[in-house]
Amino acid sequence: MVLDESSELMTKLNRETSRIYWTELQRFYAQGAVLVVAPELDLVATAVAIANDDAETISTLMKSGQLQKATEELAVNWLADNCEVWAVVVAPWVLVQKDRSLS
């Protein structure tokens, strides 16, 4: 995935990215609207790919498991741990990523 990091969309999504507790995302999880981004990926770059409807990149990431819908097991574990995640909204999705430094 090659992106122009100075792009307007990249800047906008970067500004909209924040830390949030998993408990605050439960209603979005219940709606099936949470996508989990693997820690080795750039959260904002992944959000840009989704916003731009980059089907090839999204498909590759989903097939590799680097981008996936939040699972029940993950949701239960993050809830039990009161986990804090990085999040950004690309409607209708909420993309989340657990930062290793927040573990």
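Just so you know, all these numbers are worked out from the coordinates, no wet-lab data involved. On a predicted model such as this, the values are computed, not experimentally measured, just so you know. Cβ coordinates were reconstructed from backbone atoms using ideal geometry, including for glycine residues, and neighbour counts include every protein chain displayed.
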With a sphere of radius 13 Å drawn around the Cβ of Ser18, what net charge do the other residues whose Cβ falls strictly inside it have (Lys, Arg +1; Asp, Glu -1)?
-2
Project the alpha carbons of segment 8-98 onto their principal axes and report the range along each, largest first, in whole Å.
35, 29, 24
Between Leu9 and Lys63, what is the FRET efficiency for a Förster distance of 35 Å, r being their Cβ-Cβ separation, to the nearest 0.05?
0.90
Virtual spin-label span in nm between Ser18 and Val89, 7 Å along Cα→Cβ
1.0
Filter the GluC sites (Glu not before Pro) in segment 1-93 to those in DSSP coil with at most 14 other Cβ atoms within 10 Å of their Cβ, and list the result.
Glu5, Glu40
